[in-house]
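No lab work stands behind these numbers, since they all come straight from the coordinates. This one's a predicted model, so the numbers in the text were calculated from it and none came from an experiment. In this analysis, Cβ positions are derived from the backbone assuming ideal geometry, glycine residues included, and neighbour counts consider all displayed protein chains.
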Amino acid sequence: MVPPDDRTVVRAAGGIVLRAGDSGGWEVAVVHRPEHLDWTLPKGKLEIDESPIECALREVREETGYGCHLGRFVGQVEYTDRRGRVKIVSYWLMQPVDGAFEPTPEVDELRWLSFADAIGLLSYSHDRDLLESVRTPLTKANE
């Protein structure tokens, strides 16, 4: 297999946005995109001359309505998008500090869910795997 050249690679960034749940533990923000009919973590493509961190914070605000405090880098996922391009998405943990969700044509719903419920709702295995990799250390830290 021939590796893709840089023209076929799409770089993106996003966040695993967490807040304290009413019953303890963490809740995760997941978003619904009506154009794709999917549930996913907030993310988007890097703009020209934008760093991955700047992109992650911008995209999370655009898709969730929340300005966030940036936490630690948690990894990358790589997959082939619906146009056949390799997409590499970098993710950071984030916590909301201001704002509120308002539906847009791009994202029409946001849900705050437990890790287990979020993993069960997410449409893509790469999102579920990433969230699962974050859940265990966070859960142990709260014990």
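See the values below:
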| read-out | value |
| --- | --- |
| Pick from region 90-122, criterion assigned to a loop (DSSP other than H, G, I, E, B) and under 14 Å from the mean Cα position of the chain (by Cα), ranking: nearest to residue 60 (Cα to Cα) | 107 |
| Test: residue in region 67-83 that is within 14 Å of the chain's Cα centre (by Cα), surrounded by 14 or more Cβ atoms within 10 Å (Cβ to Cβ) and of a type in the set (Lys, Arg) | no |
| Residues (farther than 17 Å from residue 91 by Cα and touching a residue at least 60 places away in the same chain (Cβ under 8 Å)) located in region 10-26 | 21, 24, 25, 26 |
| Subset of region 63-81 (residues that are touching a residue at least 24 places away in the same chain (Cβ under 8 Å) and farther than 13 Å from residue 9 by Cβ) | 63, 64, 65, 66, 67, 68, 69, 70, 71, 74, 75, 77 |
| Of residues in region 43-66 being loosely packed, with under 15 Cβ neighbours inside 10 Å and hydrophobic (A, V, I, L, M, F, W, C), the one nearest to the chain's Cα centre (by Cα) | 53 |
